[in-house]
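In what follows, a structure is listed as structure tokens, so that the remarks can point back to it.
Rule-based calculations on the coordinates, nothing more; no lab input. The structure displayed is predicted, hence computed values, not measured ones. All Cβ positions, glycine included, derive from the backbone under ideal geometry; neighbour counts span all protein chains shown.
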Amino acid sequence: MIKKILYYSLIAGVALLNSCSGINESATLGSDIVVSSDPTRTDFSSIFSFLDTLAIPGQASIAKTYDTVIGYGSIRAGITSNREARGWYAFQISSTYRKKHLADTIVSVQLHISTSDTAHLTDQIQVFDYYTNPLPNAAPLDSIYKFAALNYSLDTTDDSAHIYRDTLNAAGRSSINSILKDTTKKDSTTYYRLLISNKDSIILLTTTARMIIKYKTTANAFITDSITSSYCSHVIFENEALCTANNLQAITSSETGRRAVFTLDLSSLWSDMNKRTGFTTVLAATMIIEDSLLYASDTTDSTVSFRYCISSTLFTDANELRDSIVTYGISGTVTGTTKDTLHTETFLRTLTESKPQTAYLYISNISNSLENTTCEETLWRNPVITGVFTNNQ
Amino acid sequence: MKNTYIRSAILLTITSFSLLSAQSMLAYKYPTGIPLTSSAGPSLSLGRTGVAIQNDFLGMSKNPANLGTVQRSVFSSVLSYDLVNLRSNGERSTQSFFNPQLLSFAFPLKASFGAIGLSLEQRSNMALSFNTKNTVSYNGVNYTEMLGIKRSGGISCWQIGYGYTIKKLARIGLTYERVYLRNRTTNYKKVTGLLESMQNDSFELETQANGIRGGIIVPYKKFTGGISGEYFFGNTAKIERSINTTSTSFTPSEADYKLAPSLSFGASYQFTPEWLAAADLGVTLWDRYYSGFETNDQLDNTINISGGAQFIPAPTLLAPKYYEIIQYRAGVRYAQMPVSTAAEWAVDLGFGLPLQQNGSMIDLNIEYGRRTDSNYEKFTEEFISLQIGINGGRKWYQTSGTSY
């Protein structure tokens, strides 16, 4: 009994005290005590000082010097609005290929490439075959046009399937024949690749293609095997005229890898800092910037995320920038013409030791997802940087 | 079993509400925070007196010589729930704090060789939280600037001690203690609005010190006198500074550090088996405190005075009613703070509730007090503490020599 009384008394007592206390975590009382120990501790004017708006004298964008594999996970092909997309598939010999002996004879090879992009359906696509090992991460696409293109026609026998197909006669396609002839099911490191192009609008193809191989064994048996592509990718790049025009504007693109660059005149920042004795830290610095969507290959998905960073180095190649900047800023989303807020204090603090006169703000789009990458270009305008200094006391 | 879960959940929920940081803004000026008067359950509601009280549940908490009274294995623990009410110029802010203050064990040695004790206790609390705001407009945009301080830490220690009874003349005791001091203070600056960022400037001081405590208790008829003293040896403290999460230099990063010694005198008088009265007088020598990191001119030696009385309606009855064996206690205490202009006083009221089956006892205490500093006349700190002491004891062996 006594235990119960004690127990419930304890609970009731604590609950009563809690309920009566009006507990308030924000402790604003006692400033006199703090001031008497350190008068500057509550003196806002000695701790916060707004900096003059930073001058931003230049804006441009930088493109990649060569086209790279950046569309991993999806595949596009076609030409539109001065942009060209090329994609490729890679087939790797797999367990579904049963050819045992080199003496087995390839009879025919049929390739199926399908699409669900009915909006950009064309009668034919152009397919180039090539084979190299190892698989290139950075494919100089122009150099693989050395093979003549084959036109793959849309199979009209089944309107709902949307399959481009072509049967490659073994004698007519020396490259594929030479690969498959010298290959058995054990050659799992062997690849066969196709580059896809399109003379019409950019079409989104499915991420896997199928190769159907018919061969005759030494026992005169006919066998048909199927290999599904194990890799696909694509690039989208600007033609020369568009590239030259885009270089002059702060444009970012998720697929061509174009990055916007703004020149920041930091001399005003440092002189501002020098004028205010003790204010040696950039507590906060925010850039307000307008962005608008210039182009989107897929109008159903008009959002894009972006990253940004500030460096004292001027990169002339977007690849160099990608490799040199480890830390990116916070991602945001562009949804048409709007204003974005970029927090830049983290980057500016790293420059307070070296105090460079000029720094560069880089912005880049990033893909929303690997599976459904859209090609987007964003124009960035009218940046303004405001900030506040503090001291380290 | 189900009831146990439900009760535990209720208690846990209530406790979680209590785990907000309590604070004393006045303690901003005290180098080790608010001193906590270490006490085991029976002395809580006697105004924390106990230097000259012989009670095995007190362990070493008030006087190491009390270990000489230990004839059975005992343990004591104290949990405290504190509400602190800050008042300034008609404004009020309430903080709460829940913390375990003491865990103590004492074990008798065979053949009247005395007793040894072990304890863990919290000696001071440095928690405080403060912030102030300002709204400014720049280029037509409104911003909120905020400055704040958060401090946590305090002194905790463990002790091991030995107590011995010199016939009926006196009891003596000596302890070794290892003291841990941690002070983490973060000054933060924050701006919100279009600009939004915060900077945390944190200092963390850590030190460990060795100390000794000694005491004597002399009983004479119904009167008992006692003296207890504590001394800390000098040591080195380290301080680290970081801005946000980046470590930055602080000079000096190491410095000599020495905690303040103290001395307490106590007296108690057993008027009748029903009535006991006790009083303590303590001195803390803050002029002996030293920190190489800061100037300590404002510190001053402090005294604390406490007194209390206990009443048991029928301590000697063979078949008493339960309320007749409850220990009714009341006490009052006054303590100067480490700066000469500040002090606190408090009154206590409590009960010792014996658990008859096994000689254990639960102490309940409620304390109300105020802390003021004459330099800040419009600022006061009121505190209400609800404390529970859980004490148990058992003889682990029967002395031989019993004849029938």
Handout entry: Alpha-carbon radius of gyration plus Dmax, which is the widest Cα pair, for the range B:153-278 in Å
Key = 23.3, 78
Handout entry: Entries of A:K100/A:K199; A:K64/A:K199; B:K222/B:K258; B:K133/B:K258 with Cα pairs more than 29 Å apart
Key = A:K100/A:K199; B:K222/B:K258; B:K133/B:K258
Problem - Once the Cα gyration tensor of the range B:104-212 is diagonalised, semi-axes √(5λ) in Å - result: 54, 11, 9
Problem - Estimated D of chain B in µm² per second, where Rh is the Kirkwood radius over Cα pairs and Stokes-Einstein applies at 4 °C, 1.567 mPa s - result: 56
Exercise for the section: Within the set of other residues whose C-beta is less than 9 Å from the C-beta of B:R241, count the net charge using Lys and Arg as +1 and Asp and Glu as -1. Expected result: -3
Exercise for the section: Sort A:H120, A:H234 so that the residue with the fewest other Cβ atoms within 10 Å of its own Cβ comes first and the one with the most comes last. Expected result: A:H120, A:H234
Practice task
Report ³J(HN,Hα) in whole Hz for each residue of the range A:350-362, in order, from the Karplus equation J = 6.51 cos²θ - 1.76 cosθ + 1.60 where θ = phi - 60°; Gly and Pro get x.
Solution key: 6, 9, 5, 6, 7, 6, x, 6, 9, 9, 10, 9, 10
Exercise for the section: Arrange the following residues from fewest to most other Cβ atoms within 10 Å of their Cβ: A:K216, B:K167, B:K321. Expected result: B:K167, B:K321, A:K216
Exercise for the section: For helix B:2-18, report the angle its Cα long axis makes with the longest principal axis of the Cα atoms of chain B; keep it between 0 and 90° and round to the nearest 10°. Expected result: 50
Problem - Residue among B:P252, B:P100, B:P42 with the largest mean-square fluctuation in a Gaussian network model of chain B, springs linking Cα atoms under 10 Å - result: B:P252
Handout entry: Most mobile of B:T272, B:T341, B:T49 in a GNM of chain B (Cα contacts under 10 Å)
Key = B:T272
Exercise for the section: Treating only the Cβ atoms of Lys and Arg (+1) and Asp and Glu (-1) as charged, compute the dipole magnitude of the range B:318-389 about its Cα centre; round to the nearest 20 debye. Expected result: 160
Practice task
Ignore the peptide's own chain and count Cβ atoms of other chains within 10 Å of each Cβ in B:134-146; give me the average, rounded.
Solution key: 3
Handout entry: Per-residue Cβ neighbour rank within 10 angstrom, fewest leading, B:W345, A:W380
Key = B:W345, A:W380
Problem - Packing rank of A:108-114, A:244-250, where each peptide gets the mean count of other beta carbons within 10 Å, highest leading - result: A:108-114, A:244-250
Problem - Integer Hz, Karplus 6.51/-1.76/1.60 couplings in order for the range A:253-269, x for Gly and Pro - result: 9, 6, 10, 7, x, 5, 10, 7, 9, 10, 8, 9, 8, 7, 4, 5, 5
Problem - Per-residue ³J(HN,Hα) for the range A:34-42, Karplus 6.51 cos²θ - 1.76 cosθ + 1.60, θ = phi - 60°, Hz, x for Gly and Pro - result: 5, 4, 5, 8, 8, x, 7, 5, 10
Handout entry: Modelled FRET efficiency - R0 60 Å, B:N235 with A:A60, Cβ distances, 0.05 increments
Key = 0.45
